[in-house]
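Trainee: Just dropping this structure here.
The values are calculated or read from the model by the stated rules, or taken from the named source; none is laboratory data. Quantities reported herein were computed from a predicted structural model and do not represent experimental measurements. Methodologically, a virtual Cβ is constructed for each residue, glycine included, from the backbone with ideal geometry; neighbour enumeration extends over all protein chains shown. The area values use the complete protein model at the heavy-atom level, side chains included, leaving out ligands, DNA and RNA. Shrake-Rupley method; radii C 1.70, N 1.55, O 1.52, S 1.80 Å.
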Amino acid sequence: MISLHSSEFSKNTLDQLLIPAERVAHVQIGNSLEHALLVLTKTGYTAVPVLDAAYKLHGLISTPLILDHITGIERIQFEHLDQSKVEHVMKKEIPRIHTNGHFQKALSLLVDHPFICVEDQDGFFIGIITRRALLKQLQKNIRLINET
Ligand code: AMP
């Protein structure tokens with residue numbers, strides 16, 4: 001069995017795992033659901049952050065949320081795509097940590113979520129950390145341990 005001391009792994013700071021804001025696809029408050037669906041479909045991401053013009057983080061919008069919103073009892077209401085705004089449909093309770101947040105908190109959030117948002121103390125969006133980035137780092141560390 002491989003033993004991996006947690007402090008060893010924690011040395012890889014959250015900063016190293018961060019995908020910075022400028023490389024994160026996002027939509028803005030005021031955007032229509034149609035715009036969000038285009039962004040989600042063309043990027044291939046299941047969910048993206050919703051920011052305001054000042055880059056403050058407000059929530060997450062996802063394809064399932066949009067589809068659920070436009071699906072009526074008898075028909076899909078395509079007209080809602082350009083009538084509704086992302087802020088009315090987005091999820092506001094989202095996995096997020098602060099820039100100086102604890103590694104353990106990021107780790108436990110990533111068990112249940114494919115990515116978490118990172119914000120500064122004033123709520124400005126800094127970037128995301130994905131479960132994939134964390135697992136890749138873990139894989140590297142395990143390989144190093146096996147080689148020594
Ligand atoms: P991945 O681990 O790369 O498969 O990403 C998992 C999820 O994180 C994606 O489905 C997106 O919701 C989000 N994500 C990853 N990278 C980005 C990015 N550059 N921009 C926006 N969302 C992203």
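Trainee: Distances longer than 20 Å among the Cα atoms of the stretch 10-85: what percent of all pairs is that?
Mentor: 38 percent
Trainee: So what is the calculated 222 nm ellipticity per residue for the chain, using -39500 (n - 2.57) for each DSSP H run with n of 4 or more, over all residues, to the nearest 500 deg cm²/dmol?
Mentor: For the chain, the value works out to -11500 deg cm²/dmol.
Trainee: Let me ask another. Give me the net charge for the shell around Leu33: Cβ to Cβ below 14 angstrom, other residues only, Lys and Arg +1, Asp and Glu -1.
Mentor: Within the 14 Å Cβ shell, the charges total -3.
Trainee: Give me, ordered by chain and number, the residues 5 or more places off Ser84 or on other chains with an amide H under 5 Å from its own placed amide H.
Mentor: Hits under the 5 Å cutoff: Leu33.
Trainee: Work out how much length His69 to Phe124 would gain on full extension: take 0.36 nm times their residue separation and subtract the Cα-Cα distance, in nm to one decimal.
Mentor: The span from His69 to Phe124 would gain 17.0 nm if fully extended.
Trainee: Given the pairs Lys85/Lys140; Lys91/Lys136; Lys91/Lys140, which are separated by over 32 angstrom at their Cα positions?
Mentor: Among Lys85/Lys140; Lys91/Lys136; Lys91/Lys140, the Cα-Cα distance tops 32 Å for Lys85/Lys140; Lys91/Lys140.
Trainee: Here's something else I'd like to know. Rolling a 1.4 Å sphere over the protein heavy atoms, what is the accessible area per residue of the stretch 4-147, to the nearest Å²?
Mentor: Result: 60 Å² per residue.
Trainee: Please list, in order along the stretch 36-41, the HN-Hα scalar couplings obtained from phi with the Karplus expression 6.51 cos²θ - 1.76 cosθ + 1.60 (θ = phi - 60°), rounded to whole Hz, x for Gly and Pro.
Mentor: Ordered by residue, 3J(HN,Hα) equals 4, 5, 5, 4, 5, 5 Hz.
Trainee: Now for a different question. Got a sec to turn the phi values of the stretch 88-105 into Karplus ³J(HN,Hα) couplings, 6.51 cos²θ - 1.76 cosθ + 1.60 with θ = phi - 60°, whole Hz, x for Gly and Pro?
Mentor: 7, 10, 4, 8, 9, 8, 10, x, 8, 9, 8, 4, 9, x, 7, 4, 4, 5
Trainee: Less than 13 Å apart at the alpha-carbon level, and either on another chain or at least 8 residues along: which aspartates and glutamates does that give for Lys42?
Mentor: Of all the aspartates and glutamates, those that pass the test against Lys42 - Cα under 13 Å, at least 8 places apart if same chain - are Glu34.
Trainee: Please list log₁₀ I(q)/I(0) at q = 0.16, 0.23 Å⁻¹ for the stretch 65-148, using the Debye equation with identical point scatterers on the alpha-carbon positions.
Mentor: -0.79, -1.05
Trainee: Report, in cubic angstrom per residue, the convex hull volume of the C-alpha atoms of the stretch 4-147.
Mentor: Dividing the Cα hull volume of the stretch 4-147 by its residue count gives 122 Å³.
Trainee: Give me the percent of accessible area attributable to carbon and sulfur for the chain, probe 1.4 angstrom.
Mentor: 55 percent
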